[in-house]
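Sharing a structure below in structure tokens format, with a few things to ask.
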Amino acid sequence: MRVYLPLDVDDLEALHRTRVLPAGARAAFAVTDRLRAAAPAEDLEGLEYLATQEAATAAAARGGRVVAAVDMRDEHVTDQPDGESPSAVRVSGELPQQHVASFHVLDPAGERDVDADLELSWYDATELALVLETVS
């Protein structure tokens, strides 16, 4: 399952240094059944976009600017139906860098304008050092 994980500089530095984010439960966002029900006219690409926007909003709220698109095994992803977002999930276990598909950097930095989508720059998973340089 593809999840969208809000990251801050500390997360990025740990990933760069050890090639893995430590085990533990983390808030993330994904295409869930609740998101499909909330946006029935959207195709998969549109639903993934909505989940990415939610992750970017969460990253900005905690002072971060980065969302990692990460491929996780389903058993490491738990739906969060009590969350405010219909795409809210929790991921558990270690997150090896090789499971990262891409990085998305909030540009410019700042909080979400509720009337506009966040602008995100796309980076390949191999560009972690550049992403870290960009947001540090």
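Just to be sure before I move on: is G93 within 14 Å of L21 (Cα to Cα), modelled with pLDDT under 90 and not basic (K, R) in the structure I sent? Walk me through how you get there before you give the answer.
On the way: within 14 Å of L21 (Cα to Cα): yes; modelled with pLDDT under 90: yes; not basic (K, R): yes.
When the stated conditions are applied, G93 passes them.
Okay, next question. Within the stretch 18-28, is there a residue that is of a type outside the set (A, V, I, L, M, F, W, C), surrounded by fewer than 17 Cβ atoms within 10 Å (Cβ to Cβ), more than 15 Å from the chain's Cα centre (by Cα) and over 23 Å from Y123 (Cβ atoms)? Outline the logic, then answer.
Here is the first cut: in the stretch 18-28, the residues of a type outside the set (A, V, I, L, M, F, W, C) are 18-19, 22, 24, 26.
Now narrow it down to the ones that are surrounded by fewer than 17 Cβ atoms within 10 Å (Cβ to Cβ): 18-19, 22, 24.
Next, from what is left, pick out any that are more than 15 Å from the chain's Cα centre (by Cα): 18-19, 22, 24.
Those left that are additionally over 23 Å from Y123 (Cβ atoms): 24.
The answer is yes, given that some residue of the stretch 18-28 is of a type outside the set (A, V, I, L, M, F, W, C), surrounded by fewer than 17 Cβ atoms within 10 Å (Cβ to Cβ), more than 15 Å from the chain's Cα centre (by Cα) and over 23 Å from Y123 (Cβ atoms).
Still on this model: Just a yes or no: is a residue in the stretch 42-62 at pLDDT below 90 and on the phi > 0 side of the Ramachandran plot?
No, the conditions are met nowhere in the stretch 42-62.
Right, next: Can you tell me which residue in the stretch 50-74 is surrounded by the fewest Cβ atoms within 10 Å (Cβ to Cβ), limited to those that are hydrophobic (A, V, I, L, M, F, W, C) and assigned to a strand (DSSP E or B)? Full working, then the answer.
Taking the stretch 50-74 as the starting set, the residues that turn out to be hydrophobic (A, V, I, L, M, F, W, C) are 50-51, 55-56, 58-61, 66-70, 72.
Restricting the remaining residues to those that are assigned to a strand (DSSP E or B) gives 66-70.
Working: V66: 25, V67: 30, A68: 28, A69: 20, V70: 26.
The residue in question is A69.
Return the residues of the stretch 1-49 that are part of a loop (DSSP other than H, G, I, E, B) and closer than 23 Å to T134 by Cα; say none if nothing qualifies. Step through it out loud before you land on a result.
Taking the stretch 1-49 first, the residues part of a loop (DSSP other than H, G, I, E, B) are 1, 8, 19, 22-25, 31-32, 39-43.
Once the filter is applied, which keeps residues that are part of a loop (DSSP other than H, G, I, E, B) and closer than 23 Å to T134 by Cα, the stretch 1-49 yields D8, R19, P22.
Next question. Pairs under 8 Å by beta carbon, first residue without any contact (Cβ under 8 Å) to a residue 60 or more places away in the chain and over 10 Å from G63 (Cβ atoms) in the stretch 1-12, partner among the aliphatic types (A, V, I, L, M) and not in a helix (DSSP H, G or I), six or more apart or different chains?
These pairs meet every condition: D11/L21; D11/V66.
Condition first: among the basic types (K, R) and either loosely packed, with under 14 Cβ neighbours inside 10 Å or touching a residue at least 12 places away in the same chain (Cβ under 8 Å) (or both). Now tell me which residues in the stretch 29-49 satisfy that. Step through it out loud before you land on a result.
As a first pass, look at the stretch 29-49 and keep what is among the basic types (K, R): 34, 36.
Passing the criteria: only R34.
Just to verify a result, which residue in the stretch 102-136, among those that are surrounded by 12 or more Cβ atoms within 10 Å (Cβ to Cβ) and within 23 Å of R34 (Cβ to Cβ), is modelled with the highest pLDDT?
Within the stretch 102-136, the match that is modelled with the highest pLDDT is H104.
The values are calculated or read from the model by the stated rules, or taken from the named source; none is laboratory data. Since the structure is predicted, the reported quantities are computational estimates derived from the model, not experimental observations. Reconstructed Cβ throughout: ideal geometry from the backbone, glycine too, with neighbour counts over all protein chains shown.
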